[in-house]
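Chemist: Shown below is the structure under consideration.
The values are calculated or read from the model by the stated rules, or taken from the named source; none is laboratory data. Treat the numbers as computed from the prediction; the structure is a model and nothing was measured. Positions of Cβ are generated from backbone atoms using ideal geometry, with glycine treated the same way; all protein chains shown enter the neighbour counts. Just so you know, the surface numbers come from the protein's heavy atoms only, side chains and all, with ligands and any DNA or RNA stripped out. Shrake-Rupley method; radii C 1.70, N 1.55, O 1.52, S 1.80 Å.
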Amino acid sequence: GIHTSEVELTNHWIKQVFTQSDGKIVIAGSGYDDNGYLFAFLTRLTSAGVVDTTYGTDGVVSIPNLLSSLNLFEAAIQPDNQIVIANTIYSNDIYSTVLSRITVKGEFDQTFGTNGELIIGDGVANRYVLGLSIQPDGKILATGNNNTIVGTSPGELAIYRFRGDGTPDWTFGDGGLVSFDLEADLVGLETIVQPNGQLLIFGTKVSDDVAE
């Protein structure tokens, strides 16, 4: 009754588990390679708990994470069984998030966003995603941080909404973004779509690098 992961990463752990409409199971997690670099991964099992070697490369999709010390990786499954992933990157002391999509074959979908990527961030102020979820209509909800003032941290709690193809949903908020400044230093962690279509956002308050 137990499946033991055989992903070729050291000290790896499972973060999320999804069930496809056909009963197959997709596992999302993270770990380190032999050189100490952080990777996220997806692996798929059959409904009987056996690795599906037709997915990705021998059943595994590897996703390099440009952060060496932080595990800011999220995933969510769309109604058509494709997996949307949010991978936070760090460049020039600025955090940004890259959204990508993995097809049911375990390949990066180049039709998603622009050449397969949707970037949240402008390279000037910190903008990162800590929670990812999918509406019943396939639209993508990403919640986290929107730092509107350079040099401050963490900024405002933010929720972004994108169409299923990785383009901004201009009908949502201001150009696809709703941010909250109810009080200082809020970040979003998770969004739940309620039966009436309204969104319930969970978050936390960060003060002096301590979450409350």
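Chemist: Would you be able to say whether some residue in segment 60-73 is open to solvent by less than 10 Å² (accessible area, probe 1.4 Å), at pLDDT below 95 and polar (S, T, N, Q)?
Modeler: no
Chemist: Condition check: of a type outside the set (K, R), in a loop (DSSP other than H, G, I, E, B), closer than 15 Å to Q16 by Cβ and more than 12 Å from the chain's Cα centre (by Cα). Does N126 satisfy that? Explain how you work it out, then say what you get.
Modeler: On the way: of a type outside the set (K, R): yes; in a loop (DSSP other than H, G, I, E, B): yes; closer than 15 Å to Q16 by Cβ: no; more than 12 Å from the chain's Cα centre (by Cα): yes.
No; evaluated as a whole, the condition is false for this residue.
Chemist: Name the residue that is nearest to the chain's Cα centre (by Cα), counting only residues in segment 96-107 that are touching a residue at least 40 places away in the same chain (Cβ under 8 Å) and assigned to a strand (DSSP E or B).
Modeler: Result: L99.
Chemist: Regarding F41, is this residue open to solvent by 20 Å² or more (accessible area, probe 1.4 Å), touching a strand residue (DSSP E or B) at 6+ places or on another chain (Cβ under 8 Å), aromatic (F, W, Y) and modelled with pLDDT of 75 or more?
Modeler: So F41 does not fit the description; no.
Chemist: Among (1) touching an Asp or Glu at 6+ places or on another chain (Cβ under 9 Å); (2) buried (at least 16 other Cβ atoms within 10 Å of the Cβ); (3) at pLDDT 90 or above, there is one condition V129 misses while meeting the rest; what is its number?
Modeler: Only one criterion is unmet by V129, namely (3).
Chemist: Among the residues of segment 107-120, write down those that are crowded, with 21+ Cβ neighbours inside 10 Å and over 16 Å from I140 (Cβ atoms).
Modeler: If the condition is that a residue be crowded, with 21+ Cβ neighbours inside 10 Å and over 16 Å from I140 (Cβ atoms), then no residue fits.
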